[in-house]
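For reference, the structure discussed in these notes is given below.
Just so it is clear, none of the values below were taken in a lab; they were calculated from the coordinates. Because the structure is a prediction, the values reported are computed rather than measured. Heads up, the Cβs are rebuilt from the backbone with ideal geometry, glycines too, and the neighbour counts pull from every protein chain shown.
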Amino acid sequence: MPEWIAACATDDIDTEDVIRFDHGTQTFAIYRSPEDRFYATAGMCTHEHTCLADGLVMGDIIECPKHNGRFNYKTGQGKGAPIIDNLKTYPVKVEGGTVFIEA
Amino acid sequence: MVIVGAGECGVRAALALREQGFTGPVDLIGAEPYLPYERPPLSKDIMAGEAEPEPRTIASADRLAAAGIVFHPQRTVSAIDRAGKQVALSGGGALAYDKLLLATGAVPRRLPMAPEPTGRIAYFRTFDDALRIRAQLVPGKTLAIVGGGFIGLELAASARHRGAGIVVIEALPRLLSRGVPEPIARRIEARHRAAGVEFVLGTGLAAIEETAAGVRLRLADGREIAADFVVIGIGAVPETSLAAGAGLSLDNGIAVDRLLTTSDPDIFAAGDCCSFPHPLYDGRRLRLESWRSAQEQGALAAANMLGAAEAVSAVPWFWSDQYELTLQIAGLPDEGASIVERESEGSLVLFHLKPDGRLVGAAGIGPGNAVARDIRVAEMLIARRAHPDIGALAKPDFKLRSLLAA
Ligand SMILES: Cc1cc2nc3c(=O)[nH]c(=O)nc-3n(C[C@H](O)[C@H](O)[C@H](O)COP(=O)(O)OP(=O)(O)OC[C@H]3O[C@@H](n4cnc5c(N)ncnc54)[C@H](O)[C@@H]3O)c2cc1C
């Protein structure tokens, strides 16, 4: 059963940026969009298992730091080569300055 | 549409033709016996890892079939009939084309003095080469690598991981002299030395002889080095035989224009096999050997085969992994003599600028993805022909991406 997990404080992430969040054996990437909304996806690129939080967020897009695979982090949609598989996304809520993800 | 060469570039072009809405026949012809595969892992995970080596497929048979791409593995295009607009396949048969893409890649540069690459001598380009080399990487054996370029050094790192002894022989006084700034090459050398790799720098080879027990390498200064196996990694030369046979213009590879068109308007070339004029560098003719550039050029060639008339503009980009270190290069460091250093926690980024302050290249080395963001921002600044603030570049705690807003 998925549950709500406290991932970080809202202040931990700059606007238009991303951080890594590890929980149990899983790694997630938590994003703060230019419109100041929060999103979460699986933490590793679907191409070669690289940590996406080391990449650059531009608008709705996270770019893998290794081979520049691109995903829309709001939908998980891959944006062309070398990406074949989309990224899993997770529901997010913000309560009292804390970002929770449902995973 | 016919594409010759089923490497990174040819496959990307084939898929891009479909993504851009082309519905006619697409034929992809590849000389190798495998589904199209990625080369970069050959010298990295596949070489170093414990897993049974398998090619890392770019596109599965299902994906190619779903896209309606007819893949002809293990077939070589032997000639182009430009007047009749068809290509001849080895073993018989011909395919007609409206537009033809040559994505024939590159092959290892041969060392004239070396014996044939059988037995104890190998070159390194293909999955089959990787299998042969990997089988030699056992503790107690010594591998000699001729050439201190990327492929040799990645192989050295992977081979140390498997416990083989390594000696790298480079004729020039330093490693990676093509395209990598010296301070970064020095860091890479130090990391290899710490891992136990031996280097013989600045000394040419006089001879390579296979003996009953192994291989003997004689250096120009008379010294001898004994090894069990030798891998020659002295660069790659563009595969141009098909183009040359068809009378297409050559210039350090198949010569193409800004649209990746050869001297025949119905024939395009892209990837490691071609040289093209780059608009960011006053039209300097470049031939890149880069995984990402091969894809970008493949996609661009596909668009232009369909009439888009788009010029190349992508900033050259390259990466290499050795041990825990990743090197990334954007643009052309050798175009910018003035250098700004940005150093932080084990990583180093060098920004190369023109005398007028325009950023034209950046190279970085660091553990994991440490330099990735900085190099990516640099790449975007290079594309914009930006003149970034030098003080900001040098300050490690300054967020470079804010320069993009300027
Ligand atoms: C071991 C290794 C590690 C690498 N690591 C990196 C890295 O870390 N980073 C990076 O940026 N780049 C790396 N590269 C470079 C990168 O792999 C190349 O730039 C890329 O493969 C070029 O793609 P291509 O499609 O142009 O050529 P290729 O991959 O060479 O593909 C060309 C294909 O065409 C086929 N062919 C040629 N002639 C014919 C013909 N007449 N008929 C039919 N088929 C033909 C060839 O057999 C070949 O399969 C590495 C390369 C190697 C070998």
Mean separation of Cα contacts under 8 Å, 6 or more apart, over the residue count of region B:190-268: relative contact order %: 14 percent
Dipole-positive endmost among B:Ala135, B:Ala94, B:Leu111 within chain B (Cβ charges, Cα centre): B:Leu111
A:Lys88 paired with B:Glu54, simple spin-label distance in nm, labels 7 Å along Cα-to-beta-carbon: 2.1 nm
The protein assembly as shown - convex hull of the alpha-carbon atoms, volume per residue in Å³: 166 Å³
Unit charges on C-beta of K, R, D, E only; dipole of chain A, Debye: 340 debye
Interchain or long-range residues, amide H under 5 Å from A:Gly69's placed H: A:Cys64
Inter-chain Cβ neighbour average for residues B:376-383, partner chain, 10 Å: 1
Long-range amide H partners of A:His23 with built H, under 5 Å: A:Phe28
Relative contact order for region B:324-405, counting Cα pairs under 8 Å that sit 6 or more residues apart, in percent: 31 percent
Net length gained if the chain between B:Arg218 and B:Leu201 were fully extended (0.36 nm per residue, minus Cα distance): 4.7 nm
Translational diffusion coefficient (Stokes-Einstein; Kirkwood radius from C-alpha pairs) of chain B at 4 °C, 1.567 mPa s, in µm²/s: 58 µm²/s
Förster radius 56 Å - calculated FRET efficiency between B:Ala65 and B:Glu182, Cβ distance, rounded to 0.05: 0.70
Cysteines without a disulfide-compatible neighbour (Cβ-Cβ under 4.7 Å), the protein assembly as shown: A:Cys8, A:Cys51, B:Cys9, B:Cys273, B:Cys274
Neighbour-count ranking [beta-carbon atoms within 10 angstrom, fewest first] of B:Lys141, A:Lys88, A:Lys93: A:Lys93, A:Lys88, B:Lys141
Student exercise, the protein assembly as shown dipole from Lys, Arg, Asp, Glu Cβ charges, in Debye to nearest 20: 760 debye
Number of partner chain Cβ atoms within 10 Å, mean per residue of A:71-81: 2
Contact order normalised by residue count of chain B, Cα under 8 Å, 6+ apart, percent: 14 percent
